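Report on the following structure.
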Amino acid sequence: MMAEVPFHREFEQVLFLRDGRRAARAIVALHSTRLGPAFGGIRRWRYRGDEEALRDVLELARTMTWKCALADLPAGGGKAVILDEPGLDRRAAYELVGDAVAALGGRFHTGPDAGTTDADLRIVAERTRYCPGTGHGDIGGSTAHGVFAALRACARAIGRDLDGLEVLVQGVGAVGHRLCERLAVAGAKLIVADVDAGAADRVASAHGARVVAPAEALRTGCDLFVPCALGGVLDTAVAASLPARAVCGAANNVLADDEAGRILHARGIPVAPDFVANAGGLIHGVMVHQDGREPDAARLDRIGDVTAELLARSRREDVPPRELAVAVARARVAGA
Ligand code: NAI
């Protein structure tokens, strides 16, 4: 199976976990601890097979390394996935991961991700002190703060200010609705799309946003497209036709692949690398854990400076921003 996942040789350690008595399987991947202990959440997901689960955990862990490196954190990349198979013993699965994290003795610190609730995290925290459990402050607020700093940098990259800018926010959940609040204060003209019509309507009435149907989000003209719903929305076909002048949001892996990034770059549309723009939550989690305090505004605003620098260099060197960001992160890790 490993042979079919070409980049697995980059990894420090990959653990395949199975409870001997109960129905529970999981994979833990440590990509790199060169800059510091690995950080990454636990995802519980119904995969189509083991290979898909392995690919997911490896890709997520590797992205965490790049994210830490560009956020200037003394931390590296890891991730855990629980294979959500029929009959899964959920408690057993979180205990399994908790025991593996404990055995890693501080090389991996874990927390929430898709499919993992506060109750699940409390189970992990019973087994290891390298999972904070819950109650670590407003992580979503820190993510939104960082994305907003990156949005400003994107607006500048297209020669504009947020005031009067037409901004389409796809997904107005925990992060998206907070961005809308900040964007409205900054004078942006908001357009919102959400599969939850009530959520979109609430933002519309609070901030005078125009609502478009979810299916129209990628076809509606705007200055800035802000994906805050799900990943992979920009595939090659969408990249060729997206009627926006710049892209920057919270969603992970918003580019389906590097080719989509190249198409947008060739069209002169700057795309802020998602793992740079959405690092505020990670900065929050790592700082609370390592320094016992939350990041202040200046620390989170640095995300805007890093984004601005990457977008300027991307133009100068004619390299798509995401590819450039990965190269910078790789060099930082290699030089550690
Ligand atoms: P959330 O689950 O609170 O909000 C997502 C929103 O998107 C929901 O309102 C949902 O109804 C909507 N949505 C789902 N599918 C949609 C579609 N096809 N079209 C339009 N809207 C759709 O999630 P949250 O926490 O706001 O995160 C947003 C994105 O940012 C996610 O992709 C998440 O993985 C990513 N992210 C979040 C971080 C955080 O601190 N919350 C940190 C880093 C990344």
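Quick notes on this structure:
- Karplus (6.51, -1.76, 1.60) ³J(HN,Hα), θ = phi - 60°, over the range 280-290, in Hz, Gly and Pro reported as x: x, x, 5, 4, 4, x, 5, 5, 4, 6, 8
- Rg over Rh for the range 189-293 works out to 1.04, using Cα positions for both radii and the Kirkwood form for Rh.
- Springs join every pair of Cα atoms under 10 Å in this Gaussian network model of the chain, and among Val147, Val97, Val238 the largest mean-square fluctuation is at Val238.
- Alpha-carbon centroids, the range 19-84 and the range 170-189: separation in whole Å: 30 Å
- In Hz, Karplus ³J(HN,Hα) per residue of the range 213-222 (6.51, -1.76, 1.60; θ = phi - 60°; x = Gly, Pro): 5, x, 5, 8, 4, 8, 10, 9, x, 7
- Cα pair distances exceeding 18 angstrom across the range 165-233, given as percent: 22 percent
- Whole-Hz couplings from phi, Karplus 6.51/-1.76/1.60, listed for the range 84-96; x for Gly and Pro: 7, 8, x, x, 3, 8, 4, 4, 4, 5, 6, 5, 4
- Computed over neighbours whose Cβ is under 11 Å from that of Leu88, the net charge equals +2, Lys and Arg +1, Asp and Glu -1.
- Rg/Rg_ref, the range 51-166, where Rg_ref = 2.2 N^0.38 Å and atoms are Cα: 1.33
- Debye log10 I(q)/I(0) for the range 41-110, one point scatterer per Cα, at q = 0.15, 0.19, 0.22, 0.28 Å⁻¹: -0.54, -0.81, -1.00, -1.24
- For the range 128-211, alpha-carbon Rg relative to the globular expectation (2.2 N^0.38 Å, N residues): 1.24
- P(r) histogram, all alpha-carbon pairs of the range 1-119 included - 5 Å bins from 0, percent: 2, 13, 24, 24, 20, 12, 4, 1, 0
- Cα-Cα separations in the range 201-261 greater than 15 Å, expressed as whole percent: 53 percent
- Kirkwood-Stokes translational diffusion coefficient of the chain, alpha-carbon pairs, 20 °C, 1.002 mPa s, µm²/s: 105 µm²/s
- Kirkwood hydrodynamic radius of the range 82-224, from inverse mean 1/r over distinct Cα pairs, in Å: 17.7 Å
- Shown for the chain: cysteine residues without a partner Cβ closer than 4.7 Å, namely Cys68, Cys131, Cys180, Cys222, Cys228.
- Under 5 Å from the amide H of Ala188 lie the amide H atoms of Gly164, each residue being 5 or more positions distant or on a separate chain, with H modelled from the backbone and absent for Pro and chain starts.
- Which of Trp66, Trp45 is most accessible, then next, and so on - probe 1.4 Å: Trp45, Trp66
- The tail of the calculated P(r) for the range 277-336, taken as Cα-Cα distances beyond 18 Å, holds 48 percent of the pairs.
The values are calculated or read from the model by the stated rules, or taken from the named source; none is laboratory data. As the structure is a prediction and not an experimental result, all values here were calculated from the model. Glycine gets a Cβ as well: all are built from the backbone with ideal geometry, and neighbour counts include every protein chain shown. Side chains are part of the model used for accessible areas, which takes the heavy atoms of the whole protein and leaves out ligands, DNA and RNA. Shrake-Rupley method; radii C 1.70, N 1.55, O 1.52, S 1.80 Å.
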